[in-house]
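Trainee: Would you mind keeping the following structure in view while I ask a few things?
Throughout, read-outs are computed from the coordinates displayed, never taken from laboratory work. Quick caveat, the model's predicted, so the values are computed rather than measured. As a convention, Cβ positions derive from the backbone with ideal geometry for all residues, glycine included, and neighbour counts pool all protein chains shown.
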Amino acid sequence: MDSAKEKTRQETVESATAPTLRERLKALNNVPPVLGMIWEAAPREVFGGVLFRVLVAVLPAAALFVTKYIIDALVARYDHGTAIPHYFWWLVAAEFALACLGMIFSRVADFCETVTADLFTRYIGKRIMEHASRLDLTSYEDPVVYDKMDRARVQGTDRVAMIRAMGQLIQQAITTLTLAVQVAFYAPWILPILFVAVLPAFVGETHFSFLGYSLNFRQTPARREMDYLRIVGGSKDSIKELKLFGLGPFFVNRYTTITDELHAQTVALARRKLIAGTFLTLLGTLGYYGTYAYVIYETVLGRFSIGTLTLLTGAIAGASTNIQAVFSTFSGIADQALFMTDLLEFFAVRPRVFSKPNALRVPRPIRQGFEFRNVSFSYPGHSRVVLGNVSFTLERGERIALVGENGQGKTTIVKLLVRLYDVTAGQILLDGVDLREYELEDLWKEIGVIFQDFVRYEMSAAQNIAMGRIEQAQSEESIRVAAEKSLADQVISRLPKKYGQMLGSRFEGGVDLSGGEWQKIALARAYLRDAQLLILDEPTASLDARSEHEVFQRFAELTEGKMSLLISHRFSTVRMANRILVLENGRIAEQGAHDELLKNRGRYAEMFELQAANYR
Ligand SMILES: Nc1ncnc2c1ncn2[C@@H]1O[C@H](COP(=O)(O)OP(=O)(O)OP(=O)(O)O)[C@@H](O)[C@H]1O
Ligand SMILES: [Mg+2]
């Protein structure tokens, strides 16, 4: 079993296609939008950063220029006994001032970039969260989108290096330019040689960072599995089974197998880079020393003064390191831009379920109710037909229940009703109008739903309830009322800090609740909502018999005159509905009130008998 799983994992690692060189160049298209985002996040800081980088950039050329005059003056004095010029000490002071300014400006530029990067990280983090919360369930279920989101999260938020690199690129380019002008002034043909000499190193650099990115890309699914193993292998939810089934070593082993493999891949690449990269850089050094030898030769022949020699050697060294730096910084930025591909693509993922322009407001009150008309549905990317041609109505003021065995599509019906997905065929109507015509957020405002897998917010009890209607600040009173309705008040009154009690065990001072207690808290959210349609998907699965009875007694009272949809496996609950729909094989097999269905002696009666028999 293990080896089979291992194989599928490797297949997923290999099937994730890495970007080609062309895509990589195309990624440079990302630079403008990214620059736009950086500018939007921190305009003042970007301006400051660029300004100071430009200032720092021109200083080396200026300093070399001053040095040349200092040295020539000194040489003249020793060779010919000429007096040093009157401004000589000013030159020395200027040299010192330039050095100080260089240091100060580059620190200021650094500061501006640190602040920019931090503001950018904040900005991107916020945008990712906003975007993630807007996406459909489908996006979360699609591994490709999920991988993208993962990469966007990790790589989109930490762009300090990229912002620094952009600042450095400006500085290096300008420094190269000014030094090149100096070199060109004395020996123009040195420049092309220098340029050609750094090319191999640049190509090598680019090639390997590309391979690095591809590797990283291919490793994403494996890294996601590692994250998963890390979570399963050490979390509160799994620790009970982990211990009792003795699963610890199993998870550790799987984890190490993956890390070993990833490590081997990383080292293999690093080794190739070491060998090829060193060779290519050596070529560059050769070119640099060639021009250096030439300058010395010319000086020996007396064509260059010692001052010029100093200036040229300094400028050549500076220009060659800077050209090299420009190339590698640029290549670094190109890679960073690739990482931004994930981010930009993630931002480009649009929800498939959305409100039309000029969508309708949901009627208040709803007059006729909901109608499923020949609805069929398959989950996106899956061929299995979960619902086939389902038709039923949920009329105003009606309480209906859905029953059926596991996996028959009960929760799916709820997801369609609240438009977490759109139907594959057929229509869902609200007051005779297709659900897709209504504004989505407005629809959600009118529906209170507690899902089977409701969320246990690791926040205070009051906040947990307030989540039911977060758009409005909730008074303590309204929270208390909702809690009373759902019986959560009994749970809360036993907590040491009552409504202010932190729930869950993630944070300090938190108190964990039992399944049923959590359920009562979640239920309070639905009551807080004051919606026209209330949906409870197995809301009482963890409740004890007495609580369940009480909860439903109240539910019946509280939803009197409203529409409600219940899903439950307990017939004691289900029988309270005005109408019961029996789902089987993606169709409605039967519907009617409890007594009618019993009389029919069909599927419902059979299931009821089965459950009742257990109690006799
Ligand atoms: N996100 C999903 N992607 C693909 N298939 C899904 C998804 N969610 C559910 N299904 C499939 O749809 C079918 C119906 O699922 P649904 O959750 O509606 O069942 P249910 O009637 O609520 O079952 P239960 O009583 O266990 O809650 C299941 O067979 C399941 O495999
Ligand atoms: Mg379900």
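Trainee: Got the relative contact order for the chain handy, in percent, Cα pairs under 8 Å and 6 or more residues apart?
Mentor: 14 percent
Trainee: Also: Can you put 442, 453 in order, fewest other beta carbons within 10 Å first? Don't jump to the answer; show the numbers that get you there.
Mentor: Working: 442 14, 453 9.
Lowest count first: 453, 442.
Trainee: Also, I was wondering about something else. Residue by residue, what Karplus-based ³J(HN,Hα) values in Hz, rounded to whole numbers, does the stretch 30-44 have, using 6.51, -1.76 and 1.60 with θ = phi - 60° and x for Gly and Pro?
Mentor: Values, residue by residue: 6, 4, x, x, 5, 4, x, 5, 4, 4, 5, 6, 8, x, 5 Hz.
Trainee: What chymotrypsin sites (Phe, Trp or Tyr not before Pro) in the stretch 167-197 are in a loop by DSSP, with at most 15 other Cβ atoms within 10 Å of the Cβ?
Mentor: For chymotrypsin sites (Phe, Trp or Tyr not before Pro) across the stretch 167-197 that sit outside H, G, I, E and B with at most 15 neighbouring Cβ atoms in 10 Å, the list reads 189.
Trainee: Based only on other Cβ atoms within 10 Å, what is the fewest-to-most ordering of 353, 418, 183, 300?
Mentor: 300, 353, 418, 183
Trainee: Then there's this: With each run of n ≥ 4 DSSP H residues scored as -39500 (n - 2.57), what mean residue ellipticity at 222 nm is computed for the chain after dividing by its residue count and rounding to the nearest 500 deg cm²/dmol? Working shown, then result.
Mentor: Values: 22 runs with 401 residues, N = 616.
After summing the helix terms and dividing by the residues of the chain, the value is -22000 deg cm²/dmol.
Trainee: Can you give me the long-range amide H partners of residue 495? Hydrogens built in the peptide plane at 1.01 Å from N, cutoff under 5 Å, separation of 5 or more residues or another chain.
Mentor: Here the answer is none, since no amide H 5 or more places off falls under 5 Å of that of residue 495.
Trainee: Further question on the same structure: I need the P(r) histogram for the stretch 378-467: all alpha carbon pairs, bin width 10 Å from 0 out to the longest distance, whole percents.
Mentor: So the P(r) values, bin by bin, are 12, 41, 33, 13, 1.
Trainee: Treating cross-link reach as a plain straight distance, find the lysines whose alpha-carbon is under 20 Å from the alpha-carbon of residue 562, omitting any fewer than eight places away in the same chain.
Mentor: 415, 445, 485
Trainee: Note down, for the stretch 455-530, the three equivalent ellipsoid semi-axes (square root of 5 times each alpha carbon gyration tensor eigenvalue), biggest first, whole angstrom.
Mentor: 18, 13, 11
Trainee: Can I ask one more? Compute the helix-to-body angle for 476-486: its Cα long axis versus the longest principal axis of the chain, expressed 0 to 90° and rounded to tens.
Mentor: 50 degrees
Trainee: Among the aspartates and glutamates, which have Cα under 14 Å from the Cα of residue 243 when same-chain residues fewer than 8 positions away are ignored?
Mentor: none
Trainee: Further, regarding this structure: Starting from the Cα-Cα distance between residue 241 and residue 195, subtract it from 0.36 nm times their residue separation and give me the gain in nm to one decimal.
Mentor: Extra length available between residue 241 and residue 195 comes to 10.2 nm.
Trainee: Same structure, new question: Within the stretch 487-616, what percent of beta bridges assigned by DSSP are antiparallel, to the nearest 5?
Mentor: 45 percent
Trainee: Taking the Cα centre of each part, how many Å lie between the stretch 453-483 and the stretch 575-615?
Mentor: Centre-to-centre distance over Cα atoms comes out at 35 Å.
Trainee: Also: Please report the spacing between the Cα centers of the stretch 152-197 and the stretch 275-332 in Å, no decimals.
Mentor: If we compute the Cα centre of each part, the gap is 15 Å.
Trainee: While we're looking at this one, here's another question. Quick check on the exposure proxy: order 213, 292 from fewest to most C-beta atoms within 10 angstrom.
Mentor: 292, 213
Trainee: If the cut-off is 15 Å between C-alpha atoms, which aspartates and glutamates fall inside it for residue 26, apart from same-chain ones fewer than 8 positions away?
Mentor: Candidates past the 8-residue exclusion: 335, 342, 345.
Trainee: So for the chain, Kirkwood radius off the Cα pairs, Stokes-Einstein at 20 °C and 1.002 mPa s: how many µm² s⁻¹?
Mentor: Values: Rh = 30.6 Å.
Reported coefficient: 70 µm²/s.
Trainee: Per residue Cα convex hull volume for the stretch 467-616, in cubic angstrom?
Mentor: 151 Å³
Trainee: D for the stretch 2-348, whole µm²/s, Stokes-Einstein with Kirkwood Rh over alpha-carbon pairs at 20 °C and 1.002 mPa s: what number?
Mentor: Taking Rh from Cα pairs, D becomes 89 µm²/s.
Trainee: With each pseudo-label sitting 7 Å past Cα toward Cβ, what's the residue 406-residue 317 distance in nm, one decimal?
Mentor: Inter-label distance under the simple model: 7.4 nm.
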